[in-house]
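The values are calculated or read from the model by the stated rules, or taken from the named source; none is laboratory data. Note that the structure is predicted; figures quoted are calculated from it, not measured. Backbone-built Cβ (ideal geometry, glycine too); neighbour counts: all protein chains shown. Only protein heavy atoms, including side chains, enter the accessible area calculation; ligands, DNA and RNA are left aside. Shrake-Rupley method; radii C 1.70, N 1.55, O 1.52, S 1.80 Å.
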Amino acid sequence: MDNLIQKTFKDIKSLKVQGATDVAIAIMQAISDYSSRIKTNDLSVFKEKIKQAADLLLSARPTEPMAQNGIKAVLSQLKKENKNFILAQDIVQRTAEDFLIMMADAGDLVVKHGEELIKNKENIFTHCHSWLVEQILIKAWQNQKKIKVYNTETRPLFQGRVTARELLAVGIPTTMVVDSSAGFLISHHSGKELMMDKIILGADAILSDGSVINKIGSFTIALVAKQEGVPLYVAANLLKFHDQIEIKIEERSLQELWKEAPDDLKIINFAFDRIPAEYITGGIICEEGIIKPKQAKTLTQKNYQL
Ligand code: RUB
């Protein structure tokens, strides 16, 4: 397999590239770039190579519908070209580019609507590293909203450090906690100073019943948020829609938890969990504004052909 495709696969698998947005960008760019380098005049060989590369790239993170939707668009357009190899190459590049533009436009709207939600002096809690959530917080800060952000370190791979670094780089006061203290921190028992005004999480997938999939630990955060009456928002564009009520949850290497674990120890390392729609009490921040999770399916169908 092509070197660049393999490198992209490795970078995504190892989480050097992480978060639904960056994963989808890396996959669409890699497939577009690859198509220009395939040396053959045989259209069926070209199609087969594109398909193999796409399958490999998507296998790096199985719970990423936005990347899957992008590749689906490329493959279905490619299927329509049956004569000309040059045209086929062009189709792959154009469809990938169009999808990236759609993602960027949708992302801009999510950031705009998310920023409008945030008020001066709010305490905001987030988890893991979501590019969209990070951009919402940065935009709010740039618009003079003196927020404080609390975030989790996000074990076992510490993506919370990425969030913390990015927020600190623009000057946002940021406080990190271990994942297991999220519940207590959000609860009123941690004291008045630490009352959260909002929780904003990212998402890898929006399912057809309006529930969302995000970094493991999100469900627990949502449970506490509901119990404590703290509104929970999910920032995600509708290109992450997966038209099913179930999705495969990625399980990652056991080594990430404990390299020298005793042989008899069983370890489960889920990458994501599910927030049921009724726990997304604030709503989903998407291209259309702040929507109720149950509206996601209809609005996705209105906006996109996924
Ligand atoms: C990242 C994560 C993010 C979503 C959304 O998990 O759960 O909240 O992917 O990200 P991981 P974005 O680190 O395992 O990839 O807003 O960037 O699309």
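Under the simplified labelling scheme, the K292-D264 pair shows an inter-label distance of 5.3 nm, with each label point 7 Å from Cα along Cα→Cβ. Each of Q255, A164, Y279 was placed along the dipole of the chain (beta-carbon charges, centred on the mean Cα), and the one lying farthest toward the positive end is A164.
Give me the extension gain from L100 to L223: residue separation times 0.36 nm, minus the current Cα-Cα distance, reported in nm with one decimal. Before the final figure, lay out each step's value.
Details: separation 123, 0.36 × 123 = 44.28 nm, distance 3.41 nm.
Here the segment from L100 to L223 would lengthen by 40.9 nm.
Under the combined filter of DSSP loop state and at most 16 neighbouring Cβ atoms within 10 Å, region 158-230 retains these chymotrypsin sites (Phe, Trp or Tyr not before Pro): F158. Would you mind checking region 111-140 for residues with the amide N under 15 Å from a putative spin-label position 7 Å along Cα→C-beta of K302? Answer for this model: none. For region 3-106, the fraction of 1.4 Å probe accessible surface lying on carbon and sulfur atoms is 53 percent.
Can you show me the helix-derived [θ] at 222 nm for the chain, built from DSSP H runs with n ≥ 4 at -39,500 (n - 2.57) apiece and divided by the number of residues, rounded to the nearest 500.
Details: 10 runs with 141 residues, N = 306.
Mean residue ellipticity at 222 nm (helix-derived): -15000 deg cm²/dmol.
Counting only protein heavy atoms and a 1.4 Å probe, the chain has 48 square angstrom of accessible area per residue.
Sequentially through region 158-165, phi angles give Karplus couplings (6.51, -1.76, 1.60; θ = phi - 60°) of 6, 5, x, 5, 5, 4, 4, 4 Hz, Gly and Pro residues having no value and appearing as x. Take the Kirkwood radius over Cα pairs of the chain, plug it into Stokes-Einstein at 4 °C and 1.567 mPa s, and you get 64 µm²/s for translational diffusion. Per-residue 3J(HN,Hα) values for region 183-193, derived from phi via the Karplus relation 6.51 cos²θ - 1.76 cosθ + 1.60 with θ = phi - 60°, read x, 5, 4, 5, 5, 5, 5, 7, x, 4, 4 Hz in sequence order (x marks Gly and Pro).
Between the Cα long axis of helix 43-59 and the first principal axis of the chain there is an angle of about 20°, rounded to the nearest 10. Once the Cβ-Cβ distance of I86 and K7 is raised to the sixth power relative to R0 = 30 Å, the FRET efficiency obtained is 0.70. If I compute solvent accessible area with a 1.4 Å probe over the protein chains, what percent of it on region 183-263 is carbon and sulfur? Carbon and sulfur: 54 percent of the exposed surface of region 183-263. Residues whose amide H lies under 5 Å from that of N123, counting only those 5 or more places away or on a different chain, are K148, D197, K198; hydrogens are built 1.01 Å from N in the peptide plane. Taking every C-alpha pair closer than 8 Å and separated by at least 6 residues, the mean separation divided by the residue count of the chain gives a relative contact order of 17 percent.
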